[in-house]
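Undergrad: The structure follows.
The values are calculated or read from the model by the stated rules, or taken from the named source; none is laboratory data. These figures come from a predicted structure and were not determined experimentally. Heads up, the Cβs are rebuilt from the backbone with ideal geometry, glycines too, and the neighbour counts pull from every protein chain shown. Keep in mind that these areas ignore ligands, DNA and RNA; they rest on the heavy atoms of the full protein, side chains included. Shrake-Rupley method; radii C 1.70, N 1.55, O 1.52, S 1.80 Å.
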Amino acid sequence: MAAQGTPKIELRGVKKRFGDKVVLDGVDLKIGAAESLVVIGGSGTGKSVMIKCVLGILRADEGKIFVDGEEVTRIGGRAREAMLKKFGMLFQGAALFDSLPVWENVAFGLIQGHGMNRRKAHDVAIEKLASVGLGPEVAMLSPSELSGGMQKRVGLARAIAADPQIIFFDEPTTGLDPIMADVINDLIVSTVKNLGVTTLSITHDMASARKISNRIAMLYKGKIIWDGPTADIDNSGNPYVDQFIHGRAVGPIKMEVRG
Amino acid sequence: MNILAPIGRVFLAFLAQTGALTRFMISAVTSCVRPPIYWGLIGQQMIRIGYFSLPVVGLTAFFTGGALALQIYVGSNRFGVESVVPNIVVLGITRELGPVIAGLMVAGRVAAAIAAEIGTMRVTEQIDALTTLSTNPIKYLVVPRLIAAVVTLPVLVIVADAIGVFGGYVVATESLGLNGPIYLKNTVDFVTHDDVISGVIKIAVFGFIIALLGCYNGFHSKGGAQGVGAATTYAVVSSSILILAANYFLTSILFGN
Ligand SMILES: Nc1ncnc2c1ncn2[C@@H]1O[C@H](COP(=O)(O)OP(=O)(O)OP(=O)(O)O)[C@@H](O)[C@H]1O
Ligand SMILES: [Mg+2]
């Protein structure tokens, strides 16, 4: 199941609550180097919160988080900036800087984080935009002039721009048409293959999950309740996983719907 | 209904936030001297905060100077000492009204804009995105605004002083019938460096307050458009109150011997 050697990322008993609402209730998860893990789980189960805890955007209340074997749960300042240079992140809502043109959004990490000169960073940005299916004509536009799906792709280009070792994709294909979704799936797969990147993706799109992962974990009620190779997902023997991947309304998972 | 209740509420909320605000201030100020410094962003903010505030501050200064001349004329006329009009106008403008009015106008314009912009960045996760791109949001967002406000507002207040005095001059010569050249000579002879400098010191402090509270409220806004709206209101209200309070203390320090 888990890769040999030091895992790239490890969560041990991570807990996070907001007020008295417990979101993560002891998450244990290991991601090996060059592994592609997809986390599935219902809306509002805390998938986004989990990756924000790893990045230190949210602080875990309890538990430990390791990156490359080093504990990062409570680091701050320079040490955190250095750690974050290993990461690329696609936010669920894209989170593009609306004060900057598209190309500068993509080049931001290269210019600010890695000190690349602007002209060179511009060329890299154009190249990365092309890889997500966006032509150079969008480079000078402002993010607010793009459609939701285009914004998502710009966010994706920004996440991969600095060739990070670890990439988090929070719902990379949501809001894209089926063809573009598949282009993005292929892009994620090839990025992983070519660069040996470790990825952690969140998705509700099972077709995408099967394609971009070699392992799938399911988050339910604040815990990882199933974790196994993608090939085994149809024979998990876990009624929660079965219900989720087949999208049935009837089963052990009860949706909290308030009238 | 107790009309003091809303004021008390704002004041209590303000006290409750004092600890967090102090921490925010310390990290902002220490970040000002630690690299990287984003010079381009400082320049951009100087234009937005200082230059674009000129029209509104200039207009208010002009009318304030005019009204001041009118009032002082009415008062001094009773004792037949209309000649003090230019002296009191220039003193009032440079020491008090110039910095306070410019400070309040800029608080309305700039603190609101800063809080709305940074607040929107907060609720759309742009600030989190900055962090993940290894960029310190305090250095990238707060420091440029803080430096720009503290550096440009003193220039703005000197312009406001000149326009305010000019407003007084126009009213005194055009409608009160005072002699123009004598008015100007009295103004120039009477005003001292210290009067102007005191106003400059005041507005530098006000600029710090405006940028700090705009950024602080923006950074701590939560929950969508409504949260950003609330942050904007807090930024303007708290910076205005703090400006007037600081003005009192600065006046007593600078002129209290
Ligand atoms: N900053 C926050 N303050 C308070 N509550 C929060 C915060 N962030 C998330 N939550 C709560 O935590 C829970 C999990 O949120 P999260 O965004 O991780 O869900 P998710 O699994 O990513 O769902 P989705 O698939 O819809 O994106 C939600 O109930 C949400 O209300
Ligand atoms: Mg989410």
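Undergrad: Taking A:Gly19 and the conditions (1) closer than 19 Å to A:Ile224 by Cα; (2) near ligand 1 (Cβ under 9 Å from one of its atoms), which numbered condition does it fall short on, given that it satisfies the others?
TA: (1)
Undergrad: Tally time: how many residues in the stretch B:120-163 are of a type in the set (A, V, I, L, M), within 14 Å of chain A (Cβ to nearest Cβ) and open to solvent by 40 Å² or more (accessible area, probe 1.4 Å)?
TA: The qualifying residues number 1.
Undergrad: Could you please find all residues in the stretch B:28-57 being closer than 16 Å to B:Ala204 by Cβ, open to solvent by less than 40 Å² (accessible area, probe 1.4 Å) and either touching a Lys or Arg at 6+ places or on another chain (Cβ under 9 Å) or not in a loop (DSSP other than H, G, I, E, B) (or both)? Walk me through how you get there before you give the answer.
TA: Just the residues of the stretch B:28-57 that are closer than 16 Å to B:Ala204 by Cβ, to begin with: B:28-29, B:32, B:42, B:45-46, B:49-50, B:53, B:57.
This time we only want the ones that are open to solvent by less than 40 Å² (accessible area, probe 1.4 Å), so: B:28, B:32, B:42, B:45, B:49-50, B:53, B:57.
Listed by number, the residues that qualify are B:Ala28, B:Cys32, B:Ile42, B:Gln45, B:Ile49, B:Ser53, B:Val57.
Undergrad: When the residues of the stretch A:100-120 are filtered to those that are part of a helix (DSSP H, G or I) and more than 12 Å from chain B (Cβ to nearest Cβ), which remaining residue is nearest to ligand 1 (Cβ to nearest atom)?
TA: Narrowing the stretch A:100-120 to residues part of a helix (DSSP H, G or I): A:102-113, A:118-120.
Cutting the leftovers down to more than 12 Å from chain B (Cβ to nearest Cβ) gives us A:102-103, A:119-120.
On the way: A:Val102: 24, A:Trp103: 28, A:Arg119: 38, A:Lys120: 35 Å.
It comes out as A:Val102.
Undergrad: So which of A:Arg59, A:Arg12 ends up being over 22 Å from A:Tyr240 (Cα atoms) and within 13 Å of ligand 1 (Cβ to nearest atom)?
TA: A:Arg59
Undergrad: In addition: Quick check: is even one residue across the stretch A:88-99 away from chain B (no Cβ under 12 Å), outside any strand (DSSP E or B), crowded, with 17+ Cβ neighbours inside 10 Å and within 14 Å of ligand 1 (Cβ to nearest atom)?
TA: The first filter runs over the stretch A:88-99 and keeps only residues away from chain B (no Cβ under 12 Å), leaving none.
The answer is no; no qualifying residue exists.
Undergrad: Okay, next question. So how many residues does the stretch A:30-45 have that are more than 16 Å from ligand 2 (Cβ to nearest atom) and either touching a residue at least 60 places away in the same chain (Cβ under 8 Å) or not in a strand (DSSP E or B) (or both)?
TA: Here is the first cut: in the stretch A:30-45, the residues more than 16 Å from ligand 2 (Cβ to nearest atom) are A:30-36.
When the remaining residues are screened for being either touching a residue at least 60 places away in the same chain (Cβ under 8 Å) or not in a strand (DSSP E or B) (or both), the result is A:31-36.
Residues that pass the stated criteria total 6.
Undergrad: Another one. Of the numbered conditions (1) within 14 Å of another protein chain (Cβ to nearest Cβ); (2) at pLDDT 90 or above; (3) open to solvent by 50 Å² or more (accessible area, probe 1.4 Å), A:Asp28 satisfies every one except a single condition; which is it?
TA: The failed condition is (1).
Undergrad: Here is a further query. Might you check whether a residue that is within 16 Å of ligand 2 (Cβ to nearest atom) and in contact (Cβ under 8 Å) with a residue 60 or more places away in the chain occurs anywhere in the stretch A:63-71? Don't jump to the end; show me each part of the working.
TA: Kept after step one, since they are within 16 Å of ligand 2 (Cβ to nearest atom), are these residues of the stretch A:63-71: none.
Checking the stretch A:63-71: not a single residue is within 16 Å of ligand 2 (Cβ to nearest atom) and in contact (Cβ under 8 Å) with a residue 60 or more places away in the chain.
Undergrad: Restricting the search to the stretch A:221-240, which residues are at pLDDT 90 or above and not β-branched (Val, Ile, Thr)?
TA: Of everything in the stretch A:221-240, those that are at pLDDT 90 or above and not β-branched (Val, Ile, Thr) turn out to be A:Lys221, A:Gly222, A:Lys223, A:Trp226, A:Asp227, A:Gly228, A:Pro229.
Undergrad: Hey, could you check the stretch A:200-220 for residues that are out of contact with any Gly (no Cβ under 9 Å at 6 or more places or on another chain) and open to solvent by less than 60 Å² (accessible area, probe 1.4 Å) and say which is nearest to A:Lys86 (Cα to Cα)?
TA: Narrowing the stretch A:200-220 to residues out of contact with any Gly (no Cβ under 9 Å at 6 or more places or on another chain): A:200-201, A:203, A:205, A:207-214.
Now narrow it down to the ones that are open to solvent by less than 60 Å² (accessible area, probe 1.4 Å): A:200-201, A:203, A:205, A:208-209, A:212-213.
Values: A:Leu200: 13, A:Ser201: 16, A:Thr203: 22, A:Asp205: 27, A:Ser208: 24, A:Ala209: 23, A:Ile212: 20, A:Ser213: 20 Å.
Filtering first and then ranking leaves A:Leu200.
Undergrad: Same structure, new question: So A:Gly149 ticks every box in (1) within 14 Å of chain B (Cβ to nearest Cβ); (2) of a type in the set (Gly, Ala, Ser); (3) under 21 Å from A:Ile179 (Cα atoms); (4) open to solvent by less than 30 Å² (accessible area, probe 1.4 Å) but one. Which box is left unticked?
TA: Here A:Gly149 clears every test but (1).
Here's the yes/no breakdown for (1) in a strand (DSSP E or B); (2) modelled with pLDDT under 90; (3) in contact with a helix residue (DSSP H, G or I) (Cβ under 7 Å, 6 or more places away or on another chain):
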| position | (1), (2), (3) |
| --- | --- |
| A:Gly5 | no, yes, no |
| A:Lys15 | yes, no, no |
| A:Val22 | yes, no, no |
| A:Ile65 | yes, no, yes |
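Undergrad: A further question follows. Which residues, taken from the stretch A:58-81, are within 12 Å of chain B (Cβ to nearest Cβ) and more than 23 Å from A:Lys128 (Cβ to Cβ)? Even if it seems obvious, please write down each step before you answer.
TA: The initial filter retains those residues of the stretch A:58-81 that are within 12 Å of chain B (Cβ to nearest Cβ), namely A:58, A:76-81.
If the condition is that a residue be within 12 Å of chain B (Cβ to nearest Cβ) and more than 23 Å from A:Lys128 (Cβ to Cβ), then A:Leu58, A:Gly76, A:Gly77, A:Arg78, A:Ala79, A:Arg80 are the ones that fit.
Undergrad: Right, next: Looking at the stretch B:164-176, which of its residues are of a type in the set (Ser, Thr, Tyr) and either touching a strand residue (DSSP E or B) at 6+ places or on another chain (Cβ under 6 Å) or crowded, with 22+ Cβ neighbours inside 10 Å (or both)? Quick ask: steps written out before the conclusion?
TA: First, pick out the residues of the stretch B:164-176 that are of a type in the set (Ser, Thr, Tyr): B:169, B:173, B:175.
Correct list: B:Tyr169 only.
Undergrad: Let me ask something else about it. Go through (1) at pLDDT 90 or above; (2) surrounded by 15 or more Cβ atoms within 10 Å (Cβ to Cβ); (3) more than 20 Å from the chain's Cα centre (by Cα) and name the single condition A:Met116 misses.
TA: Unmet condition: (1).
Undergrad: Determine which member of the set B:Ala230, B:Ala225, B:Ala235 is surrounded by fewer than 19 Cβ atoms within 10 Å (Cβ to Cβ) and under 21 Å from B:Leu12 (Cβ atoms). Can you show your working first?
TA: Details: B:Ala225 fails: under 21 Å from B:Leu12 (Cβ atoms); B:Ala235 fails: surrounded by fewer than 19 Cβ atoms within 10 Å (Cβ to Cβ).
Checking each option against the conditions leaves just B:Ala230.
Undergrad: Would the stretch A:154-172 turn up any residue that is assigned to a helix (DSSP H, G or I) and open to solvent by 50 Å² or more (accessible area, probe 1.4 Å)? Spell out the reasoning first.
TA: Restricting attention to the stretch A:154-172, the residues satisfying the condition of being assigned to a helix (DSSP H, G or I) are A:154-160.
Of the ones still in play, those that are also open to solvent by 50 Å² or more (accessible area, probe 1.4 Å) are none.
No, there is no match, as no residue in the stretch A:154-172 is assigned to a helix (DSSP H, G or I) and open to solvent by 50 Å² or more (accessible area, probe 1.4 Å).
Undergrad: When A:Asp234 is evaluated against the numbered criteria (1) open to solvent by 70 Å² or more (accessible area, probe 1.4 Å); (2) under 17 Å from A:Gly32 (Cβ atoms), which criterion, by number, is the only one it fails?
TA: Among (1) open to solvent by 70 Å² or more (accessible area, probe 1.4 Å); (2) under 17 Å from A:Gly32 (Cβ atoms), A:Asp234 violates only (2).
Undergrad: Take the conditions without any contact (Cβ under 8 Å) to a residue 40 or more places away in the chain and of a type outside the set (Asp, Glu) and apply them to A:Ala162. Does it pass?
TA: On the way: without any contact (Cβ under 8 Å) to a residue 40 or more places away in the chain: no; of a type outside the set (Asp, Glu): yes.
For A:Ala162, the condition - without any contact (Cβ under 8 Å) to a residue 40 or more places away in the chain and of a type outside the set (Asp, Glu) - is not met.
Undergrad: So A:Val102 passes all but one of these: (1) within 16 Å of ligand 2 (Cβ to nearest atom); (2) at pLDDT 95 or above. Which condition number does it fail?
TA: Only one criterion in (1) within 16 Å of ligand 2 (Cβ to nearest atom); (2) at pLDDT 95 or above is unmet by A:Val102, namely (1).
Undergrad: Turning to a different aspect of this structure: For residues in the stretch B:58-100 being not in a helix (DSSP H, G or I) and not small (Gly, Ala, Ser), which is least open to solvent (accessible area, probe 1.4 Å)? Can you show your working first?
TA: Taking the stretch B:58-100 as the starting set, the residues that turn out to be not in a helix (DSSP H, G or I) are B:78-81.
Now restrict to residues that are not small (Gly, Ala, Ser): B:78-79, B:81.
Working: B:Arg78: 185, B:Phe79: 161, B:Val81: 61 Å².
It comes out as B:Val81.
Undergrad: Are any of the residues in the stretch A:211-233 out of contact with any helix residue (DSSP H, G or I) (no Cβ under 7 Å at 6 or more places or on another chain), within 27 Å of A:Lys15 (Cα to Cα) and part of a helix (DSSP H, G or I)?
TA: No.
Undergrad: Report yes if some residue within the stretch A:137-146 is within 14 Å of chain B (Cβ to nearest Cβ), more than 23 Å from A:Val49 (Cβ to Cβ) and open to solvent by less than 10 Å² (accessible area, probe 1.4 Å); otherwise report no.
TA: yes
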